[in-house]
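Below: one structure, written as structure tokens.
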Amino acid sequence: MGNRLDLRLLPRLLLALLGAAVVAWIAYKATQNSAQFVTVSLNGLTLAALYFVVAAGFTLIFGLMRVVNMAHGSLYLLAGYLAFTTQQSWFGVSSNLLFGHTVSVASWVVPLIFGTIVIGAVGLAMQQVLLRWNQGQDLRQALLTIALSVILADQMLAHFGGIAQSIQQPTLWPNSVPVLGTHYGFFRLVIVVGAALIIGGLLWGVIRFTRLGMIIRAGVDDRAMVSALGINVQLVFAGAFLIGALLAGFGGVLGGTMIAVQPGIDARFLLNSLIVVIIGGMGSLGGAVIGSLALGFVNAYADVYLQFGSTDLTNYSILLTFVLVVVMLAVRPLGLFGRPA
Amino acid sequence: MSGAQAPGVVRDTVGVARMRRPRITRARILTWSAVGFLLLVCVLAPVIFTSYWLSQILTKALWLGIAAVSLIFLSRYGGMISLAQVGLYAIAGFTMANLGSAFGGHHLGWNPWVAAGAGVAAATLFGLLFGAIAARSHGIYFLMITLALSVIVFYFFGQATSFSGYGGIRNVATPGLVGNPIIHPEGLYYLSLVASILILMGIRYLARTPFGLALQGIRDDPARMRALGYNVSLHRTLAFGAGAFIAGIAGILSVWYQTQISPGGVDIGQTINVLVIAVIGGLYWLEGAWIGALLFTVLDNYSRTWLPTVGLWLGPERFETLLGVIFLLIVLLSPGGLVGIWNGLRRRLVKVLGH
């Protein structure tokens, strides 16, 4: 290159400058109010944990089967509604919780297990009935799952109404825990992040060390070869879809407790999952971790730190998500760890 | 497509393609008289149909058809299934509503035609930007990225209340030619009709230009076109810009039709509606867009009266469920949409009638 500046480096240079400016601005804001910084950062971390649980299922299904499950957000929301209704009807937990009313641990855990398992079954049924016989026609499969998401969204509106509800966490658990000189929600920090860590660890362990994981890894690379080796690929596919749906369901109950269950959440979590895999690369677990962290932190910081003096730009925070996607696709069209199909 | 012999082309003994002289066949006469009849019905529609049908069904079907044809254009000639078309038409609609006179938003009071032109220009520019982002991806990745872009546009207008005027911009001024679309539906009807015909002819023309041919080559074999020296990403990006231009026109017409625009009208549901219309139309046949749109609006209007109530599962309120089931059935049974069914029937009809 000699002394001439390589023009192809210019976009990357600009990106690096932009990144440095963002970091400097956050650091400046952090020194202004460190308690707020801790809270906002933990918001980002806990959101990332939830996004990861949901998107891990999405990326697993895609990586192995090339199925983009557009109904993933609908499964997520349906799990939330199922857990919410069972908590109400089986345990008599009221949604507008009066002071002193107790919620036992069982009345949260049982709906969690119920919601997760039912969604796993729904996902498996979906794969067996709608997707199994047109394996390889990825567009058609995506359209089928879109059709299903339309039906599910409308049926959920009919059966559960349009009001925002939330699943109650057990009253036995503390409301908040002290962190770095401030207090933060126990459920978000301990339960959600803990669940994400356990799930991430389990998935990693299974994929890395077990025979099933070996088949999955091989299947991601070359499905035809795996099937030629005498492995029942249909069984592996069904298993992967079951796990993916279970993760959507589990995430839905966590999210329904942490945020809310209401119409529109399905589209939001489909978008989140899409962005996570666009950033991280389809089918990559490590990519899902990084994608979730990036999206979670961008969402959290953009919601609070887009205030420059008296100009409040927090209304435009979604634009930063857009910038994140654009930058990622400009640098790596297949995501961080994505590989061509 | 590649390799298959196009109709009307014969190969002589040395294998050189040569156009056969168009013959006046019975099928041709049938087709052209059908087109003429259809055109006549379209022109006379304000006399034939009630004004309710004209505005609630036909005009709506025309602009929804334009939105769907922008998707079909990209799918047929570029091999790109884009879910960003509603996001792009939202950009056109909101830009126009902010620049013109309205209640809510910035209402800068521009002339409606100028504001509309600026809206379409904004949609085209964003289309080029979106295209540049998504053009390097293919197939299912492209679908995902464009869906993400469309949903981001929806959330942007939901959040940015200075652009979307707290729950929507109402009383958007229409040009004198359109007037009040509720009292005088004819103006907007004819405008939408002319726009639809021009867009249809424009797409057909574009497909025959060197650009259009290169685009189709890229659709069939990107690697070979790249080897031949074509800039694949640039062609796909420009095509996406053209699709955004068409979607922008649909956005302008939709705002004039409703005289308002709100974030709720350009959500993921509307994105899917336009996709469903395009899929009903067959995804590869331009005219199918308007047929799908007509079916969609008729169902939308009348399902509310005849849908039986079955517990909470089905009822007058459950149009989306009906739509989802129809969508599911079409994708399962006839991936070619209604056009696929029609083509099957026509092939038999032509066989019966002979040439």
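Values quoted throughout were computed directly from the atomic coordinates according to the rules given, and no laboratory measurement underlies them. A quick note: this is a predicted structure, and the numbers were derived from the prediction, not measured. FYI the Cβ positions are ideal-geometry reconstructions off the backbone, even for glycines, and counts take in every protein chain you see.
Quick look at the values:
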{"read-out": "If the convex hull is drawn through the Cα atoms of the protein assembly as shown, its volume per residue in Å³", "value": "220 Å³"}
{"read-out": "Extreme residue, positive dipole direction of the protein assembly as shown, given options B:151, B:242, A:17 (C-beta unit charges)", "value": "B:242"}
{"read-out": "Region B:46-161: radius of gyration and largest Cα-Cα distance (Dmax), Å", "value": "16.3, 49"}
{"read-out": "Shielding by partners - mean other protein chain Cβ count within 10 Å, residues of A:260-267", "value": "2"}
{"read-out": "Highest to lowest packing among B:48-61, A:19-32, scored as the average C-beta count within 10 Å", "value": "B:48-61, A:19-32"}
{"read-out": "Within chain B: Cβ-based charge dipole about Cα centre, in debye rounded to nearest 20 (Lys, Arg +1; Asp, Glu -1)", "value": "1540 debye"}
{"read-out": "Relative contact order (percent, whole number), region B:51-266, Cα cutoff 8 Å, 6+ residue spacing", "value": "39 percent"}
{"read-out": "Centroid-to-centroid separation of region A:44-62 and region B:205-255 [C-alpha atoms, Å]", "value": "35 Å"}
{"read-out": "Ranked packing of A:209-215, B:173-179, most packed first, by mean Cβ within 10 Å", "value": "B:173-179, A:209-215"}
{"read-out": "Semi-axis lengths (Å, descending) of the ellipsoid that matches the C-alpha gyration tensor of chain B", "value": "34, 26, 21"}
{"read-out": "For region A:32-263: relative contact order, % (alpha-carbon pairs under 8 angstrom, 6 or more apart)", "value": "43 percent"}
{"read-out": "Selected from A:272, B:255, A:62, residue furthest toward positive end of dipole (the protein assembly as shown; charges at beta carbon)", "value": "A:62"}
{"read-out": "Dimensionless Rg/Rh of chain A - Kirkwood Rh, Rg from C-alpha atoms", "value": "1.00"}
{"read-out": "Mean Kyte hydropathy of 1.6 or more with a Cα span along the axis of at least 27 Å, helices from DSSP in chain A", "value": "A:34-65, A:106-126, A:233-258"}
{"read-out": "Ordering of B:333-342, A:137-146, A:224-233, A:240-249 by burial proxy (mean other Cβ atoms within 10 Å per residue, highest first)", "value": "A:240-249, A:137-146, B:333-342, A:224-233"}
{"read-out": "Candidates A:55, A:288, A:196, ranked by Gaussian network fluctuation over chain A, Cα under 10 Å, top entry", "value": "A:196"}
{"read-out": "Nearest 10 degrees, 0 to 90: helix B:288-306 Cα axis against chain B principal axis", "value": "50 degrees"}
{"read-out": "Degrees separating the helix B:185-208 axis from the principal Cα axis of chain B, which is the longest one", "value": "40 degrees"}
{"read-out": "Dipole magnitude of the protein assembly as shown, debye to nearest 20 (Cβ charges: Lys/Arg +1, Asp/Glu -1, about Cα centre)", "value": "2340 debye"}
{"read-out": "Packing-based exposure ordering (other Cβ within 10 Å, fewest first) of B:312, A:47", "value": "B:312, A:47"}
{"read-out": "Convex hull volume per residue in cubic angstrom - Cα atoms of region B:208-251", "value": "66 Å³"}
{"read-out": "Number of partner chain Cβ atoms within 10 Å, mean per residue of B:138-151", "value": "6"}
{"read-out": "For residues of B:307-314, the mean tally of beta carbons on other chains within 10 Å", "value": "2"}
{"read-out": "Cα-centre dipole for chain A with unit charges at Cβ (Lys and Arg positive, Asp and Glu negative), debye to 20", "value": "720 debye"}
{"read-out": "Dipole axis of the protein assembly as shown (+1 Lys, Arg; -1 Asp, Glu on Cβ), positive-most option in A:27, B:34, A:101", "value": "B:34"}
{"read-out": "Distance in nm between pseudo-label sites at residue B:138 and residue A:21 (7 Å out along the Cβ direction from Cα)", "value": "3.7 nm"}
{"read-out": "Viscosity 1.002 mPa s, temperature 20 °C, Stokes-Einstein D of region B:138-218 from Kirkwood C-alpha radius, µm²/s", "value": "128 µm²/s"}
